[in-house]
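Report on one structure; see the data block that follows.
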Amino acid sequence: MLAPQRQSMIVERVRRNGAVRVAELVEEFKVSDMTIRRDLESLADRGLVSKVHGGATAVDIGSTDEPGFAAKSVREKEAKEAIARTAADLVKPGEAIALSGGTTTWTLAQHLIGVAELTVVTNSVPVADVFYRSGRTDQTVILTGGIRTPSDALVGPFAVAALDTINVDTLFLGVHGISASGFTTPNIDESETDRALIRASRRLVVLADSTKWEIVGIRTIARCEEADVLVCDSGLPQSARDVFTDRVGRLVIADHPNEVTR
């Protein structure tokens, strides 16, 4: 088992049980004490667990907690990179696409610079900046207006009004949490803007790293059944894979191109 998969399973156990002990994890995963301690150290550094003597406890993630863009951009970088590489393959030259706010969509934007004649609609200041700095003259970027959130997304009635007049081929949606009930955000205003992005799009592709499993924000953006594609990394636990295989149009596991279901 790879370290990211083991760490994702550890996070899942901590969230479910509230705490874990090093000794229990050593026995369960058949690895050394030092390996588990390094796992917990890594998870604590990323803000996913709280390290305590002999184990770890859950971090209290409220339904309205919203870390800033800079804080989120350093989390799960390898997983987001794998997701972005896979999602980029879904884009063809000349298409009109939309990218929501978020660090995963921002990572995707960096993989789309080389795609010719794209039209990109976004409510994300960092995403728009990626395309602007590329200097390509054959790409058109439309940045909505609105009120800026901690995640550097533009939201509110101005953003929604702009999006209600636009039609795109595919929306790439970054989310705060994924669960059996759907895809959620801690920001109510952002949820309205994300819903407007969904209405403007013929295809919905949700991008989410595996640590977002069973995190539930205060507002639901979309039900699982509304997603045409969900792209996640290989740390997604089997229980989650079973849920999404049944409920989304297509589940794609980014680190294993052959591991595609439905």
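The values are calculated or read from the model by the stated rules, or taken from the named source; none is laboratory data. Computed from a predicted model, the values in this text were never measured in an experiment. All Cβ positions, glycine included, derive from the backbone under ideal geometry; neighbour counts span all protein chains shown. With ligands, DNA and RNA removed, areas are computed over all heavy atoms of the protein, side chains included. Shrake-Rupley method; radii C 1.70, N 1.55, O 1.52, S 1.80 Å.
The table for this structure:
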| read-out | value |
| --- | --- |
| Charge dipole magnitude, Cβ of K and R +1, D and E -1 - region 182-230, Cα centre, debye nearest 20 | 160 |
| Exposure of E226 as accessible area (Å², to 10), given a probe of 1.4 Å and all protein chains | 70 |
| Integer Hz, Karplus 6.51/-1.76/1.60 couplings in order for region 32-49, x for Gly and Pro | 6, 4, 5, 4, 5, 5, 5, 4, 5, 4, 5, 5, 5, 4, 8, x, 8, 9 |
| Cα-based Lys proximity count in the chain, under 23 Å, for pairs eight or more positions apart or on separate chains | 9 |
| Rounded percent of accessible protein surface that carbon and sulfur make up, the chain, 1.4 Å probe | 50 |
| 5 angstrom amide H check on V175, placed H, neighbours 5+ away | L207 |
| Mean Cβ neighbour count within 10 Å, used as a protection proxy, ranking 189-198, 161-170 highest first | 189-198, 161-170 |
| Accessible-area ranking of K77, K212, largest first, probe 1.4 Å | K77, K212 |
| Residue-level accessible surface for V91, protein heavy atoms, 1.4 Å, Å² | 20 |
| Helix 125-134 axis, angle to the chain major axis (alpha carbon atoms, nearest 10°) | 70 |
| Amide N of region 183-210 lying under 17 Å from the label point, which is placed 7 angstrom from the Cα of E225 along Cα→Cβ | 183, 204 |
| Estimated D of the chain in µm² per second, where Rh is the Kirkwood radius over Cα pairs and Stokes-Einstein applies at 37 °C, 0.692 mPa s | 175 |
| Helix-only mean residue ellipticity at 222 nm for the chain, each DSSP H run of n ≥ 4 adding -39500 (n - 2.57), per residue, nearest 500 | -11500 deg cm²/dmol |
| Size of charge dipole - region 157-262 - debye, nearest 20, with Cβ of Lys, Arg +1 and Asp, Glu -1, no other charges | 220 |
| Among A128, A98, A240: highest mean-square fluctuation, GNM of the chain, C-alpha pairs under 10 Å | A240 |
| For peptides 172-181, 43-52, sequence by mean Cβ density within 10 Å, most packed first | 172-181, 43-52 |
| Cα centroid of region 1-61 to Cα centroid of region 219-255, whole Å | 24 |
| Added length on full extension, which subtracts the Cα-Cα distance from 0.36 nm per residue, H53 to Q5 | 14.9 nm |
| Accessible area of the chain divided out per residue, in Å², using a probe of 1.4 angstrom | 45 |
